[in-house]
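Note sheet for the following structure.
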Amino acid sequence: MKPPRDKRRPSKARPGQPAQAAFRPLPGGAAPRARSAEAAAPKQAPAHAPASPRQPVPRRTGALPAENLPLILEVLPNADYALLDSGDGEKLEQYGPYRIVRPEGQAIWRRALPERDWANVDAVFTGDTDEEGIGRWRFPRQPLGETWPMTYAGLSYLGRFTSFRHVGVFPEQASHWSHMEGLIRAAHRPVKVLNLFGYTGLASLVAARAGAEVTHVDASKKAIGWARENQELARLSDKPIRWICDDAMKFVEREARRDSRYDLILFDPPAYGRGPKGEVWQLFEDLPAMADLCRQILTPKPLAVVLTAYSIRASFFAIHALMRDTFAGMGGRVESGELIIREKSAGRALSTSLFSRWVAR
């Protein structure tokens, strides 16, 4: 799909980049969109239950990596997905066979298409318009099933109408997927990928199809089940993917103690979240430790670490500085900016999230 959280993604096309993932670097910046990484229920900030205390993150020494910013990674309309129009706090999208309308707080401009185009849709998300709130879908034409078949770059997966407005894929992430796939194919060696907060698994499937051994971690049992369904639908059941339902922070802490190593790490955390045993995640409190742990579990010849941040009121400069500090002394470069989707109707850019990635070469 697109060219997903990942939730599904360089300034130049990489080897192995699918044709559907059309994107290019643009000057300037935009603003983030909210996102939930939980498929079973939205992640809420806990009323009490403070996060467990963590050891201070060490200050890394050595030269800071080179930098490339701002980098705007763009997804264009294609046969699998298109942002048809946006405005007045909503977006009109085409997901495979369905046209749907969902709330979109970033779309503060006026709609470009006439009302008849917005009325001629298959599904509309209604009810609570808060990103993490519980809502419902209305089907103007005929009742639709919970799931429907979708594709991304030849990979089949399931779209799903969830009660918290998401449909199981984040189209803007295709830019990261294309970049990751190019790195894996260009490595010409076995590559181990860790996908944290992996949601419904499209990034994991793209990595596995490219030849990587993948570890997929998400706190939601429903998300893991959905991801496994997608693996079967994509006919990739023979590919080496470990599906792990666990708190992401606890998992990487254990991997560091076990001396487990990965060549490429994706992490796409929510602003707030809870693990399967009530573990608390708070982005600004826990992200520095998570980033440092990702550095600790890299192989001696790593490829990249990719961070995407949704649901935050911040500049990408904040996570850019964090990633440069984290990977000080390791060379490479840190590229940071925003993920956007290019609208089909008037060509406007809808910003969805911030990102920062350290690339070894």
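The values are calculated or read from the model by the stated rules, or taken from the named source; none is laboratory data. From a predicted model like this one, the values you see are computed outputs, not experimental measurements. Positions of Cβ are backbone-derived with ideal geometry, glycine not excepted, and every protein chain shown enters the neighbour counts.
Filtering Val101, Val121 for residues that are in a strand (DSSP E or B) and at pLDDT 95 or above leaves a single hit, Val101. Of the residues making up region 120-133, not a single one is of a type outside the set (Asp, Glu) and in contact with a helix residue (DSSP H, G or I) (Cβ under 6 Å, 6 or more places away or on another chain). Would you point out the residue of region 61-95, among those that are aliphatic (A, V, I, L, M) and within 19 Å of the chain's Cα centre (by Cα), that is surrounded by the most Cβ atoms within 10 Å (Cβ to Cβ)? That would be Val75.
Tell me, which strands (runs of 3 or more DSSP E) lie completely within region 126-227 with 3 or more residues that are closer than 29 Å to Leu264 by Cα and acidic (Asp, Glu)? Because the criterion is at least 3 residues that are closer than 29 Å to Leu264 by Cα and acidic (Asp, Glu), no strands (runs of 3 or more DSSP E) in region 126-227 meet it.
Do we have any residue at all in region 184-198 that's surrounded by fewer than 16 Cβ atoms within 10 Å (Cβ to Cβ), modelled with pLDDT of 95 or more and of a type in the set (A, V, I, L, M, F, W, C)? Yes. Here is the figure for region 136-178: residues that are surrounded by fewer than 18 Cβ atoms within 10 Å (Cβ to Cβ), farther than 20 Å from Ala223 by Cβ and touching a Pro at 6+ places or on another chain (Cβ under 7 Å) total 0. Listed by position, the strands (runs of 3 or more DSSP E) contained in region 303-361 that have at least 2 residues being closer than 15 Å to Leu64 by Cα are 333-342, 349-359.
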